[in-house]
Every structure is written in C-alpha cells, then in structure tokens.
Amino acid sequence: MKTPDNTSAPLPVNDNITSGENLSVWFAEVNRSISYESLTSDIDTDILVIGGGISGLTTAYCLAKVGRKVVLVEDGFIGSGESGRTTAHITYVLGERYFELEKIYDEPTAQLAADSHAEAIEWIANTVKLNNIDCHFKRVDGYLFLHPSDTKETLEKEYEATKRAGLATEMLNAVPGIEAEDGKWCIKFPNQAQFHILLYLKGLAEAFKQLGGKIYTQTKAENITKDGATVNGFAVKANHIVVATNTPINDWVTIHTKQWPYRTYVVGAKVPKGKLPYALWWDTGDKGSKWVSQPYHYVRLAEYDDQHDILIAGGEDHRTGQADEEGIKEEDRYTKLIAWTKKRFPSVEDVVFQWSGQVMEPVDSMAYIGKNPGDDNIYIITGHSGNGMTHGTLGGIMITDIITGKDNPWIEMYSPSRITLKTTSDYLQEVGNMVAQYGDWFAGTDLKKVEDLKPGEGGIMSSGFKKITVYCDEENNLHTCTAVCPHLGAILQWNADEKTFDCPMHGSRFNTEGKALNGPTTSDLKKL
Ligand SMILES: Cc1cc2nc3c(=O)[nH]c(=O)nc-3n(C[C@H](O)[C@H](O)[C@H](O)COP(=O)(O)OP(=O)(O)OC[C@H]3O[C@@H](n4cnc5c(N)ncnc54)[C@H](O)[C@@H]3O)c2cc1C
Ligand code: FES
C-alpha cells in the first residue's frame, strides 16, 4: 500500500471523496474515488437502493443475485460515507457485552445475535471467495481486555455469557501483542476477520454490475415516498425503496429518537512487519465516561508496504458536536489516542494517518434493519454502532429475505419498530441530552467577531437573534450560512478537525460552504 505520492507522508486533505477533511488509510491504496456515471433521466425499477456503503452495496448485490432489477444511487462515491472511514474489524464481539444483551433482551436473543454476526462473517468470507475479491481478507483472532476503569468480574461475566451464546471463547491471562500492565486478562474470540473495506466494496460493486445491477454515483436521492424518490431532480419509480444512508434521510422522527450520533477517532502508525500479529483488540470501555455509550479502544493491523504494517487504533468517542463538554476538542483527541496506543504497542513508529467518523448508537444495542416504522415498502438499515461491517451485511441478507418473503430468524430482533422497555434510563438520558441542545439558541457563541478567524478556521457567531456559521477560506474569503440545522432546528457546532459544521442533535453534518454531508437532512444550509 502506498500513499499517492509514494511517500509515507499523510494523504492530501479533502479531495471531495469523503465526508470530512481527513482521509482514512483505505484511500491510500484505492487512491481515487470509486465512481460510476450519474443519473440523468427518469427511470423505473423494481428496487431502489439509496447509499453506496457496505449496507447498500450488500443489499443491492443480494437482491440482484436472486434475480431482482436493482438500481443503487449514491450521492458521493462508493465508500465515501462512514464505510470509507471504518477500521473494518469483522467480528461478533459487539459494542454491548453479551451479559448485557441477556439483561436487555434474554438469553435466546443474545444467542441469536451471536449467530447472526457469525453468519455475517461467514457470508463475507464466501462472497470474497465466490467473486475473487482481492481485499486482504483474512481470518484473525480477537482479544477483549480490561479498560483500567473496569474489573476482572466484567470479563468473567462476559466469558460465561459468550459460552451460553455458543461461542468458542477462551479466557487468557495475558493479551497477545500488548505489553502494558492493564492488559493482563482477556477473552480470546477465535476466527474473527478483517479486510480492506474499499477494495471489498469495489469488488462487491463489480459483482453487482455483473449480475445486471445499475450504479449511479454523484447522484442524490430526496423526497422518498412509497412510489420512489426524486434523484438528481429526476423521478425514480420503484416498488421497494431501501434507505441505506447510515442514518436514514428524511424527517422520520421515530427512528431519530431511538439512536444517537457519536464521533470516534482513529490513528494509523507504522510498525515493522512481523513485530505484531494480525489480530483485533478491544478494551472493555471507560466506565467513568459521561456518555451513555461508553467509549472503548479498538485496534487492528493492516498491510502497508514491504517493511511495514499499519497499526490502526481507534476510540476517544463523544456525542457529535459535544466534544467541548469533556473539555477536549475534536482535534486534541488524537493526542490522547496516540499516547494510549504507544503505551500498549511500543513498537509503533510514525503516525501517518488520522481521521474521525460517525457511528449511530441504538438505544438498545441492536441495529435497526427492516421496514421503516409505518411503511410497507420502505426499508432502513441503521443503528450499526461499532459493528457496521456485520450489521451492514446482515442488512443486505435480511432486507432481501423480507422482500422475497423468505423466513429469517433475525427479523423480529432487528425490527426498527421494536420496543425495548429495559433501556428506559439510557433512553431518557439521551433524549434529555437532545432536548438540551435547543438551549444553544440562547447560549453565547465561541466566535465573537469574524476578525478572530485565520484562513482555514471556522466557528458559530451570534448576529442579533440569529446564529450563523462562518468559515474563512485559504484566500481569506468568508463563507456564512444560517447555523440552524434544517432537520429539526438545533444549532450547529464547528468541528475544527474535519472542518465541518456538525449537528449535536441527530448528527447531520455540513461542509464549510453549507453543503449537507450526512443525514438525516438532505438540505444544504441557507447561505447568508
Ligand atoms: C472510525 C470508525 C471506525 C469503525 N470501525 C468499525 C469496525 O471496526 N467494524 C465494524 O463493523 N464497524 C465499524 N464502524 C462502523 C461502520 O463503519 C459503519 O457502521 C458502516 O460503515 C456503515 O455503513 P453504511 O453502508 O450503513 O453507511 P455509509 O457507509 O455511511 O453509507 C451510506 C452512503 O449513503 C450515501 N448517502 C447519504 N445520503 C444520500 C442521499 N441523499 N442520496 C444518495 N446517497 C446518499 C452516503 O454518501 C454514503 O456513502 C466504524 C465506524 C467509524 C466511523
Ligand atoms: S440532525 Fe436533527 S436537528 Fe440536526
């Protein structure tokens, strides 16, 4: 793998191929956007899939494979959403512990969840083989070890629960590859997997096209109804519409009160080949965190060049747009992450990549896959948490089964309409957090006058009763828009790391000129 100029320097910033300023390690090998033609006329199809990440592409491929006529539209390029920013652990180690799933649901459901993720891993392995996708797919072991704020009891309870869920886990008294003192005990999860996500998506897109599927990139869908959608201004009529946009676009309020956006950070550091095994590592998460979804660290190795691998370490999450509430700005989270990584993996050398991304955390730990609440032929795949590789794959398998009327044991468990009473306190805390964001209408702003901005900087300013986004570009021109989120009216926050304006409510994000990068909204900000 090489960076575009064949040096080990970080990649050039925003090439307009992803939803922020920083590029992930995956773009180093793929280098340019994975693109197809754009839509330029009205069309009719059986199934319209919106979104060219792992969820949308897997769904499109599965449906084409059973002979359906499928069109996939993507407003950026293949993988230009969160799939291009992932760390691509493919695992049945979930963000929530299995003993917690037993409490929120019950033992059989925890077992069903384990089965579903294990089958998703198997499905990816088979698909890679069937289509000869060269994406560095490999089976690796995974190790869950203690965060310093946690106790061994957590691992013991989890070990017992994984056994009840039918998993072939082992308790070890050292963590392979980790030297620091807090890596004493761990649970080994054998036969997990990893790959290069963009090479995988590229292979899947080609396989879908060979089955007769159509892909349109730089093609934006809006105004979704049961008859189809408006796409690049043209009418696309469809019998079924699958919304695989990470968080559903449109104002479907029900789903936006069941999941919350978190930002998470990643660094990639060179490590001499052979120093570390290819494996996945996670800690059990920060028990002292103020966030409902307690941030954990996640680490893996990826091929880089002849002498080096890249150690990819992630974590330091916070609710989107609320980094300041912990007194650590977005851009400073990398410093913490690098220190954490160097302590546990002292063989790492230069840090050559850093980027962040957004994950949707469901209130009750499971993704939402199935019919959008209240709709019969509109489907959503969302709420992936940190398990979007398997959840996105399950989305493709399950939506295909629902559309074709095939029995599937996981449909009820992942239903977007499910009600889980046992998570009431987390729900109330997150909803309280959401409502509190409206307080920003009356709060002061960080930026007092535009003269304080240097080229490349932005912020939110008050002007009378109005709040406005201000960005000063490299040529010293100011760009100003309303800072009111077009979704449901929260005040946006400046993210100096990715150079975006982020909504603290449901995670809509905008570039420096007000263009919508992430849903739920599809509307750009009004320019002032
Ligand atoms: C830093 C980070 C690390 C992660 N690590 C892991 C991991 O190790 N393992 C794991 O399993 N998961 C991980 N995840 C989660 C996982 O990456 C995501 O859940 C998953 O990639 C989401 O895939 P998706 O296809 O649903 O969404 P996306 O990949 O975001 O795809 C949605 C697509 O829809 C497009 N779109 C949006 N609006 C429109 C519109 N109006 N019209 C047309 N197209 C539109 C977007 O451009 C985008 O390309 C991680 C996430 C992050 C951010
Ligand atoms: S994303 Fe819902 S109010 Fe901004």
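The values are calculated or read from the model by the stated rules, or taken from the named source; none is laboratory data. Computed from a predicted structure; not experimentally measured. Note: ideal-geometry Cβ built from the backbone for every residue, glycine included; neighbour counts use all protein chains shown. When the accessible area is computed, the model is the full protein with side chains, heavy atoms only, and any ligands, DNA or RNA have been set aside. Shrake-Rupley method; radii C 1.70, N 1.55, O 1.52, S 1.80 Å.
For this structure, a couple of remarks:
- Residue separation of Lys138 and Ile338 scaled by 0.36 nm, minus their Cα-Cα distance, works out to 69.4 nm of gained length.
- Cα gyration tensor category, rounded, prolate or oblate, for the chain with a/c compared to 1.5: rounded
- Between Glu331 and Asp44, the modelled label-to-label distance comes to 5.4 nm, taking each label 7 Å out from Cα in the direction of the beta carbon.
- For region 122-248: relative contact order, % (alpha-carbon pairs under 8 angstrom, 6 or more apart): 24 percent
- Using the Cβ-Cβ distance between Lys209 and Leu130 with R0 = 22 Å, the FRET efficiency computed as 1/(1 + (r/R0)^6) comes to roughly 0.90.
- By the rule of a second cysteine Cβ within less than 4.7 angstrom, the chain holds isolated cysteines at Cys62, Cys135, Cys186, Cys472, Cys481.
- Packing-based ranking, highest mean first, of 372-383, 48-59 given that Cβ atoms within 10 Å are counted: 48-59, 372-383
- The GluC sites (Glu not before Pro) of region 115-201 that meet both conditions, a loop assignment by DSSP and at most 11 other Cβ atoms within 10 Å of the site Cβ, are Glu181.
- From the alpha carbon centroid of region 312-374 to that of region 448-490 is 26 Å.
- For region 9-107, the list of GluC sites (Glu not before Pro) that fall in a loop by DSSP and count at most 14 other C-beta atoms within 10 angstrom reads Glu37.
- Loop-resident GluC sites (Glu not before Pro) (DSSP state other than H, G, I, E or B) in region 446-511 with no more than 10 further Cβ atoms inside 10 Å of their Cβ: Glu474, Glu475.
- Packing around the peptides 391-401, 347-357, taken as the average count of other Cβ atoms within 10 Å per residue, puts them in this order, highest first: 391-401, 347-357.
- Expected 222 nm ellipticity per residue - DSSP helices of 4 or more, -39500 (n - 2.57), all of the chain, to 500: -7000 deg cm²/dmol
- Extension gain from Lys527 to Phe465, taking 0.36 nm per residue of separation minus the Cα-Cα distance: 20.7 nm
- Entries of Lys202/Lys467; Lys152/Lys275; Lys129/Lys287 with Cα pairs more than 30 Å apart: Lys202/Lys467; Lys129/Lys287
- Sequence-separation-based contact order of region 239-328, relative, with Cα cut under 8 Å and 6+ spacing, percent: 31 percent
- Percent RCO, i.e. relative contact order, over region 157-313, from Cα pairs under 8 Å lying at least 6 residues apart: 12 percent
- Computed with a 1.4 Å probe over protein heavy atoms only, the accessible surface of the chain comes to 39 Å² per residue.
- Length released on extending from Ser417 to Arg32, taking residue separation times 0.36 nm less the Cα-Cα span: 134.7 nm
- Carbon and sulfur %, accessible surface of the chain computed with the full protein complex present, 1.4 Å: 49 percent
- In a simple Cβ point-charge model (Lys, Arg +1; Asp, Glu -1; nothing else charged), region 134-189 has a dipole of about 260 debye relative to its Cα centre.
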